Amino acid sequence: MSGLPDLETERLRLTPWSQGSVDELFAMHAHPMVARYLDAQGRVYDRAKAKQRIIGWQQEFAEHGLSKFRMVRRADGAFVGRAGFSPFNGKAEIGYSLAYEHWGQGYASEIAQALSDWFFANREEDSFIGFAHVDNAASRRVLEKIGMIPTYTGVVAEMPHQFYIKTKPLGR
């Protein structure tokens, strides 16, 4: 578990949430392009929902040692999005969401690879899962780029999602 809240890549850093992060999370999830793959009706977060999610992620970390964390750019501390692992049906689930203005810059792939490396170096589990809306080609490419294998299509938040799994590489 050690190290995850302060995980760093060349350009990014994961940090713990604070209640001061509510406005950042709200702004990210208030963008309709971000919301379209996260809610069947395309509903955006309000501040109360953002606050609720932060509290939930803090509780997840306290209980499971896994959670989604605040992602910032190392160069200037700018909020980029959220990323990490959460418990999902008895497995660790990798997830990430970026503020719309940071799409297309390789940040999701960068943080997903770092999270995958961290997971197998620090956790006892031999696999983790991920999923992306079936129409979210960019997110699905990120999961495939880090070596995840498609397993089945299922429903999350009343929407069809492609599920993936990644198993621990041999010799680790």
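Each reported figure results from applying straightforward, stated rules to the coordinates on display, with no laboratory input. On a predicted model such as this, the values are computed, not experimentally measured, just so you know. Note that each Cβ is placed from the backbone with ideal geometry, even for glycine, and that neighbours are counted across all protein chains shown.
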Item to check | Of K68/K91; K51/K145; K49/K168; K49/K145, those spanning more than 25 Å from alpha-carbon to alpha-carbon | outcome: K51/K145; K49/K168; K49/K145
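Find the Rg to Rh ratio for the chain, where Rh is the Kirkwood radius over alpha-carbon pairs and Rg uses the same atoms.
Rg/Rh: 0.93.
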Item to check | For region 4-167, share of DSSP beta bridges that run antiparallel, in % to the nearest 5 | outcome: 95 percent
Checklist entry - Any idea how far apart E63 and Q19 come out in nm if each label point goes 7 Å out from Cα toward Cβ? => result 2.1 nm
Checklist outcome for this item: With the 8 Å Cα cutoff and a minimum separation of six or more residues, region 1-72 has a relative contact order in percent of 37 percent
Next on the checklist: Please give me the summed charge of the neighbours of V156: other residues whose Cβ is under 12 Å from its Cβ, Lys and Arg +1, Asp and Glu -1.
Outcome noted: -3
Next on the checklist: From Cα pairs below 8 angstrom and at least 6 apart in sequence, can you work out the relative contact order of the chain, rounded to a whole percent?
Outcome noted: 19 percent
Checklist entry - Any idea which of L7, S21, G42 is furthest toward the positive side of the dipole for region 1-127, if Lys and Arg beta-carbons carry +1 and Asp and Glu beta-carbons -1? => result G42
Checklist entry - Sorted from fewest to most neighbouring beta carbons within 10 Å, what does the list M33, M148 look like? => result M33, M148
Checklist entry - At M33 and Q113, where each label point lies 7 Å from the Cα along Cα→Cβ, what is the point-to-point distance in nanometres? => result 2.4 nm
Next on the checklist: Using a 10 Å cut-off around each Cβ, can you sort Y100, Y164, Y152, Y37 from fewest to most neighbouring Cβ atoms?
Outcome noted: Y152, Y100, Y37, Y164
Checklist entry - Where does each of V22, V155 land when they are ranked from fewest to most other beta-carbon atoms within 10 angstrom? => result V155, V22
Item to check | Gain on full stretching of the segment that runs from D46 to R123 - 0.36 nm per residue minus C-alpha separation | outcome: 24.3 nm
Checklist entry - Any idea how far the Cα center of region 126-172 sits from the one of region 39-54, in Å? => result 23 Å
Checklist entry - To the nearest 500 deg cm²/dmol, what mean residue ellipticity at 222 nm is calculated for the chain from DSSP H runs of n ≥ 4 alone, each contributing -39,500 (n - 2.57), summed and divided by the residues? => result -9500 deg cm²/dmol
